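The values are calculated or read from the model by the stated rules, or taken from the named source; none is laboratory data. The structure presented is a predicted model; accordingly, all values stated were derived computationally and were not measured. Here the Cβ positions follow ideal geometry from the backbone for every residue, glycine too, while neighbour counts run over all protein chains shown. These area figures cover heavy atoms from the full protein model, side chains too; ligands, DNA and RNA do not enter into them. Shrake-Rupley method; radii C 1.70, N 1.55, O 1.52, S 1.80 Å.
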Amino acid sequence: EKGKTMAIVSYLGIIGLVIALATDGKKNEYTKFHMNQALPLDIAVFISWIPFIGWLLAIGVLVLWVMGIIAAAQGEMKRLPIVGNLELIK
């Protein structure tokens with residue numbers, strides 16, 4: 001339960017990640033887990049600006065983004081498909 005709000009905020013784009021990092025999100029394992037799930041999605045958003053191929057990617061990112069927010073809101077540390085094993089924030 002602790003860190004649930006910042007875990008949800010971390011899925012709100014780059015600004016959400018910056019806010020989560022600024023509020024000591026790296027010290028809370030739950031928040032850090034969800035920040036690691038959200039960061040690849042934020043990176044993929046920039047790639048999705050490419051016409052056609054990027055648009056298909058954007059649909060997948062949207063689905064993963066919704067799955068991540070739901071997991072964070074329910075207090076679960078469920079890994080997302082495809083990007084779930086990446087750990088970019090140590």
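Of all the accessible heavy-atom surface of the chain, with the other protein chains kept in place and a 1.4 Å probe, what percent is carbon and sulfur? Before the final figure, lay out each step's value.
Details: 4060 of 5590 Å².
Accessible surface attributable to carbon and sulfur in the chain totals 73 percent.
Just reorder LYS32, LYS2 by solvent-accessible area, largest first, 1.4 Å probe, all chains present.
Putting LYS32, LYS2 in descending order of accessible area: LYS2, LYS32.
Filter the chymotrypsin sites (Phe, Trp or Tyr not before Pro) in segment 47-90 down to the DSSP loop ones having no more than 16 other Cβ atoms within 10 Å, then list what survives.
On the way: sites: TRP49, PHE52, TRP55, TRP65; in loops: TRP49, PHE52.
Listed in order of number, the matching sites are TRP49, PHE52.
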Can you give me the relative contact order of the chain as a percent, contacts being Cα pairs under 8 Å and 6 or more apart?
-> 32
Rg followed by Dmax, in Å, when the chain is reduced to its Cα trace | 12.5, 40
Length gained, LEU12-LEU56, 0.36 nm per residue minus C-alpha separation, equals 13.8 nm
Sticking with the crude label model, points 7 Å out along Cα→Cβ, report the distance from VAL66 to LEU86 in nm, one decimal please.
-> 2.1
Going residue by residue through segment 58-73, the Karplus relation 6.51 cos²θ - 1.76 cosθ + 1.60 with θ = phi - 60° gives ³J(HN,Hα) values, rounded to whole Hz and with x marking Gly or Pro, of 4, 5, x, 5, 4, 4, 5, 4, 5, 4, x, 5, 4, 4, 5, 5
Computed over the chain: longest principal axis from alpha-carbon atoms vs helix 29-47 long axis, angle to nearest 10 degrees, is 20
For the chain, longest principal axis from Cα atoms; helix 13-22 axis from its Cα atoms; angle between them, nearest 10 degrees, is 20
